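Visitor: Handing you this structure, nothing more for now.
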Amino acid sequence: MSFQPVRFYQTGTFTVGNRLLDQDNRSVQATQVRTNSLNSGHRACQGCGEALGARYAIDAAMVASDRQLIAANATGCLEVFSTPYPETSWQIPWIHSLFGNTAAVATGIAAAMRIKGRSDVRIVAQGGDGGTTDIGFGCLSGMFERNDDVLYICYDNEAYMNTGVQRSSATPPAVRTATTMPVGPEPGNVFGQGKNVPLIAMAHGIPYVATATVADLRDLEYKVKRAIGIRGAKYIHIFVPCPLGWGSASNETIQLARMVKECGLFPVYEAENGEVVSVSKIRKQIPVEEYMRPQRRYAHLFGKTPATKVIAKIQAMADRNIKKFGLLEEGVNR
């Protein structure tokens, strides 16, 4: 069971007022110690999951590091919307790297801090799924292999969004992007490709790997704070819906992040030294159609003649995740 000191019994609502909770159970965002590390005024789209995830993640890292934090940031959506020259929304030491070398830059910063005897300074590297699973994958694997003392955070919106919604190796099967097959017997991204970077990180045997979504922000804060407290290489993979690239409503970001976990397509878990140690259970399982229908990138599957075989293959993927990670409690409703 992942960290969840507060149980949310309400259904049909997606927020719980922090004023109703004890002080110790409130999120970092609800306290006066938050640093607003990613400040207001940036150019993120309405409903951007990445902006929300980054704000929670970095503020939690600032608390965990006693405000001794340096961040390296790959080229991508987060860098583009937060730092249009000569302005910036970052209120921390922040370095923009190339698309593919964020992990290497963060490793260099960590080495410099070690030489200076600054063991109190913690290092975070940030990137989207393109900069992480594709272009920067070699540098990231090297960081893992050397067990460099860096927390790498991937904000996964499942395509290259700021350059026009091109496919990445994190794009799910059947999803339409600007670079996948638009028509034909099986339009959209093909099955059998892509990379599962959290599992690849676990295969490196690094001290800590976790997945999270922006639907459970307390769980996200907990995992970031836990990772900052561990020495060596850490990796957190955060699911961040993109209304612009997915063709979803901006007010559905949290709901989609919740549904992807509840249908089993995105397992939420923690792993230490290559072994899964905790799993966030599905509360009420839903079919994958319920998660896919609100997104135009899946609209070709729900025409006059629904692509039932394709939908069944995606459901089978979710079912395999549920079985592999033990995501269902005994007696859970479907």
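What follows draws every value from the coordinates through simple rules; no lab data is involved. Note that this is a predicted model, so its numbers are computed, not measured.
Visitor: Quick one: 3J(HN,Hα) in Hz for region 161-172, Karplus 6.51/-1.76/1.60 with θ = phi - 60°, rounded, Gly and Pro as x.
Guide: Result, rounded to whole Hz: 7, 6, 9, x, 6, 8, 5, 10, 7, 9, 6, x.
Visitor: Between (i) 6, 26, 36, 24, 7, 1, 0; (ii) 5, 20, 25, 19, 12, 8, 6, 3, 2, 0; (iii) 5, 23, 31, 22, 11, 5, 2, 0, 0, which matches P(r) over Cα pairs in 10 Å bins from 0, in percent calculated for the structure shown?
Guide: So the structure-derived entry is (i).
Visitor: If contacts are Cα pairs under 8 angstrom and at least 6 residues apart, what is the relative contact order of region 78-237 in percent? Mind showing how you got there, number by number?
Guide: Numbers: 251 pairs, mean separation 32.1, N = 160.
Contact order relative to length: 20 percent.
Visitor: A further question on this structure: On average over all directions, what projected area in square nanometres does region 71-111 have, based on the convex hull of its Cα atoms? Could the numbers behind the result be given before it?
Guide: On the way: hull surface 11.2 nm².
Its Cα hull, projected and averaged over all orientations, spans 2.8 nm².
Visitor: Sticking with this one: Of the DSSP beta bridges with both residues in the chain, give the percent that are antiparallel, rounding to the nearest 5.
Guide: Working: 10 of 36 bridges.
Percent antiparallel among DSSP bridges in the chain is about 30.
Visitor: Sticking with this structure for a sec: From the helices alone, meaning DSSP H stretches of at least four residues, give me the mean residue ellipticity at 222 nm for the chain, per-run term -39500 (n - 2.57), in deg cm²/dmol to the nearest 500.
Guide: Working: 10 runs with 102 residues, N = 334.
Calculated from helices alone, the mean residue ellipticity at 222 nm is -9000 deg cm²/dmol.
Visitor: Pairs of lysine in the chain with Cα under 12 Å and at least 8 positions apart or on different chains: total?
Guide: Working: Lys223/Lys234; Lys225/Lys234; Lys261/Lys281; Lys261/Lys284; Lys281/Lys323.
Close lysine pairs under the 12 Å cut-off: 5.
Visitor: Pairs of alpha-carbon atoms within less than 8 angstrom and 6+ residues apart define the contacts here; what relative contact order does the chain have, in percent? Write out the running numbers ahead of the final one.
Guide: Working: 661 pairs, mean separation 55.5, N = 334.
Averaging sequence separation for qualifying contacts and normalising by length gives 17 percent for the chain.
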